[in-house]
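The values are calculated or read from the model by the stated rules, or taken from the named source; none is laboratory data. The shown structure was predicted, so the numbers you read here are calculated from the model rather than taken from an experiment. Neighbour counts are summed over all protein chains in view; Cβ atoms, including those assigned to glycine, are modelled from backbone coordinates with ideal geometry.
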Amino acid sequence: MDRITFKRSIGFGLECIGLGTLRYPRLIALGVLVITALFAAQMPRLGVDGDLLRVYAHSGEHYDAYEHLADTFGTFENDVYVLVSAPRLADPDVIEQVRSLAFDLELSDYAVGTMSPFTLRRPTPEGGSVPAVPEDLTTTDEVAMTLMDLQQNDPLMRNLITPDLTGIVIILFPNQEMVRQDGSKAMLASVRETLAPYQNQDLAIELTGPPVWTSEMLNAAVSDQIKFTTWGFCLGALIALIVLRSLPGALIVAATPFLSVVWVMGLVTLVFGSFSFLTIIVTTLVLVISFAESMFFVFNWLAFWRDGMEPNKAVDATVKLVGPATALTMLTTLVSFASLSLTPGQGIREFSVAGAAGSFLLFVCLMTFTPLLLKLVIRFGFKAPQRTSLVLTAPLPLSWFLASRYGRPLSILAIVVTIVLFVPYALIQPHFSFEDFIAKDSTALSTAADIDQGVGGVAPLYVKVPLTHGDPNVAPEDFDKIQTVHRILEEHLGVNKVISAASMTNYTDAGFSRQEVFESVGPFMKRRFITDDGRQALVTGFMPTIIDSDVLKQLVIDLQAEFNAAGIADAEIGGFRILTTFATDNIVRGLQLDLTASVLVNLALIGFAFQSFRVALASAVPNLFPVLGTEAWLYFTGAGLQLTTVIALTIAFGIAVDDTVHFLSHYLHSRRDEGLEHMEAVRHTLNRIGGAIVATTLILCSGVAIVLFSDLPQVALFGALFVSTLGFALIGDLFILPAMLAAGGRFFHPLGRIGVRMADEEPTPDDPTADTHTTAASPL
């Protein structure tokens, strides 16, 4: 009962994994080999899924509405847009080249249809239909007049022919079953192969649309995974080399992160089948956290060794001293990852699960593989390197000077600043930018911008209109309803920027029935306007691809208000841009609450682990200050909260707490087990692990700094905020925390009597206090 209620471990007993390694090295070594083999076997299946919808899947009402819309009508969201630019488009020879291109595109194995001036047919008085662009045009004037007539009068062609007659947009409708089977990359390669023969001095051809953006995101994500892992590993090893001034020592530090990454990559592949552009960040985080923890472990091991302890016994002492604190830091990081799962969305939950599982795996790797490796290198004659670089310990004299001389004013200033920073934390609002999800220097995005300038945009906004009569050719009352929605949408998006069943009036006014018009456009296109049972209609507006999220949100609010005023409250506005904008708002607000929950739970966890609310208070300000400071910067720069912003802050807080836990653990060990007075314990702790805190922060920041060079702006933003938060956290741990401990001498004096159980109370084979026969036992 005493173990449970009072003298429990600050690591809640999880350090027993490390103690088990010391007692049963052969059995644990076998377990490490089995786990490594299991996860390494997943490497051939390693892949990255660039589908942005995976992030928003099952995120709430906006995703459900989008999914229902796609199931009912299909959408333009999966279509490929082919921009054909031709300065001499009206030349009969050039227009025939474009016609051949369009027909070849329609015959592609990956196409179920296309939309272009050449696939459009016009109804005839005799009841049939004829091509909208005849094949017998012989003069430039005839071609120009035909295209101009279509551009100005046909509702489908207004958004596909540029007003200056120098460009045509061809929309390809992919075969979704084949795309799911072969992937977007294969489909786009086939399309480009079909288009290649037509690239010449008369025609310039570019592709855009969601499949192209997804393909570019996928390529960027794959490039990021290779870049992050390779450079993160190299930088971590380089910093370890500089810190330890020993190549073998640097390789020892690097071995655990390497194995941790293999384990996590294998786990993510095994559980989720592939990485997303969010879960790919987990690999980098695990890499740098593993480097930091491995450095901390080796740093303490070498300190014990240099202090005169036998190296094998130093390994045991390190496991027992560092193990509980490392377990607690793992739990704080795990809590930060796990808190994200409270917010709906498949992508967020995958990131949460992958990060939480990765945190635990790297802890297991550290407590099993690292002690085994250290004892192995000792057996092979590894010698302790010289003491660490003075660069790491340079800030420590200043830290002690400020804490001992100006602890009280510095603490008061830190507390006041932290309290003030809660103001922007409460005021900051979510912000969404679609182009931030697209790869940098995206040719598809620049092509979309060209289309925006030429025909005014092709990003669709959908309005689903329930109909009453169930007439496939639309009853008059239902037609009036569609016309009203069409008119309202056109007032906001511009003339000729909306298509629906009501936009065919130029043909119905000429005497054709709606049935004849629908038959002329064909069954595939008709289903884009009216369902086969006549119970649902779709009105589609086209807006610019690049549009500010605040503008889009206000547009939706205004449209819904006008629909309600017109008595069409059941009209439902949707689309991919609507989904991403509104769902991101909801997700970000949820993540903001997750961040708050993570902070409170982690502080409570630290207080509970150390059995003292004083410890929780001591750790609060140094770790709240960096998070609140970063959010204040986002608020005052107008950047707002984005998806990866809150994730970065949440995870950075969980990791920033690690150094605080190690500091407090060593401080309490100095007070209780070494019998030092309060101020001497603060100074001893600074000197003992201050250099390790600097080294681990350098590793974390430099490792994640690689993310700044991601081709995906959201991932790059994650890296920037993560690094800045950890940089502020270093200030908190080296200057604010010692100052608060020094300033609150009487308040923190009772900490020396805390009865937390340390792992060094457990006997192990190489324990310097163990019996003679125990000490002589071979660790390997």
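What to note about this one:
- Failed item in (1) closer than 23 Å to P197 by Cβ; (2) within 38 Å of the chain's Cα centre (by Cα); (3) touching a residue at least 60 places away in the same chain (Cβ under 8 Å); (4) crowded, with 22+ Cβ neighbours inside 10 Å, with S116 passing the rest: (3)
- Some residue of region 248-258 being crowded, with 18+ Cβ neighbours inside 10 Å, in a loop (DSSP other than H, G, I, E, B) and among the polar types (S, T, N, Q): no
- Search result, residues across region 187-241 that are under 22 Å from I706 (Cα atoms) and of a type in the set (S, T, Y): S223, T229, T230
Residue by residue, here is whether (1) surrounded by fewer than 17 Cβ atoms within 10 Å (Cβ to Cβ); (2) modelled with pLDDT under 90 holds:
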| position | (1), (2) |
| --- | --- |
| F363 | no, no |
| M367 | no, no |
| Y406 | yes, yes |
| V416 | yes, no |
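- Number of residues in region 87-131 that are in contact with a helix residue (DSSP H, G or I) (Cβ under 6 Å, 6 or more places away or on another chain), more than 21 Å from I205 (Cα to Cα) and among the small types (G, A, S) equals 1.
- Any hit, region 582-605, residues being closer than 27 Å to E490 by Cβ, of a type in the set (A, V, I, L, M) and not in a loop (DSSP other than H, G, I, E, B): yes
- Scoring I161 on the criteria (1) in contact (Cβ under 8 Å) with a residue 40 or more places away in the chain; (2) closer than 30 Å to A186 by Cβ leaves a single failure, condition (2).
- Test: V335 is modelled with pLDDT under 90, in the same structural domain as T660 (by TED's automatic domain parsing) and in a helix (DSSP H, G or I): yes
- Residue within region 73-83 that is more than 30 Å from V222 (Cβ to Cβ) and in a helix (DSSP H, G or I) present: yes
- Residue match in region 21-40 (condition: in a helix (DSSP H, G or I) and under 30 Å from G607 (Cβ atoms)): yes
- The listed residues are D224, D202, and the only one of them that is among the acidic types (D, E), outside the structural domain of P371 (by TED's automatic domain parsing) and either at negative phi or not in a helix (DSSP H, G or I) (or both) turns out to be D202.
- Filter result for the condition that a residue is at pLDDT below 75, in the same structural domain as W231 (by TED's automatic domain parsing) and closer than 30 Å to C234 by Cα, over V723, V707, V715: V707
- Region 174-205 - residue that is under 22 Å from V98 (Cα atoms) and under 29 Å from the mean Cα position of the chain (by Cα) and, of those, surrounded by the most Cβ atoms within 10 Å (Cβ to Cβ): M187
- In the set (1) farther than 28 Å from L238 by Cα; (2) of a type in the set (G, A, S); (3) at pLDDT below 85, A292 fails one condition alone, (1).
Residue by residue, here is whether (1) under 21 Å from L717 (Cβ atoms); (2) surrounded by 24 or more Cβ atoms within 10 Å (Cβ to Cβ) holds:
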| site | (1), (2) |
| --- | --- |
| F608 | no, no |
| Q611 | no, no |
| E631 | yes, yes |
| T637 | yes, no |
| T644 | yes, yes |
| I651 | yes, yes |
| G654 | yes, yes |
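- Number of positions in region 472-513 that are closer than 19 Å to P125 by Cα and either modelled with pLDDT of 75 or more or touching a Ser or Thr at 6+ places or on another chain (Cβ under 6 Å) (or both): 1
- Pairing residues of region 205-217 that are of a type in the set (F, W, Y) with residues that are assigned to a helix (DSSP H, G or I), at Cβ distances under 6 Å and at least 6 apart in sequence or on separate chains, gives W213/A444.
- Flag if A354 is small (G, A, S) and under 18 Å from F296 (Cα atoms): no
- Some residue of region 187-201 being at pLDDT below 85 and out of contact with any Cys (no Cβ under 6 Å at 6 or more places or on another chain): yes
- Within region 632-651, tally of residues that are in a loop (DSSP other than H, G, I, E, B) and farther than 20 Å from V55 by Cβ: 1
- Qualifying residue in region 268-275 (condition: buried (at least 24 other Cβ atoms within 10 Å of the Cβ) and closer than 20 Å to F718 by Cβ): yes
- Considering V298, V271, V262, V243, the condition of being more than 23 Å from V55 (Cβ to Cβ), within 22 Å of the chain's Cα centre (by Cα) and part of a helix (DSSP H, G or I) is satisfied by V262 alone.
- Test result for V661, assigned by TED's automatic domain parsing to the domain that holds R349, in a helix (DSSP H, G or I) and farther than 24 Å from F304 by Cβ: no
- Only listed residue being closer than 24 Å to E516 by Cα and charged (D, E, K, R), chosen from D164, D136, D149: D149
- Close Cβ contacts (under 6 Å, 6 or more residues apart or on different chains) running from residues in region 365-378 that are touching a residue at least 12 places away in the same chain (Cβ under 8 Å) and assigned by TED's automatic domain parsing to the domain that holds A29 to residues that are among the acidic types (D, E) and surrounded by 24 or more Cβ atoms within 10 Å (Cβ to Cβ) comprise L366/E293.
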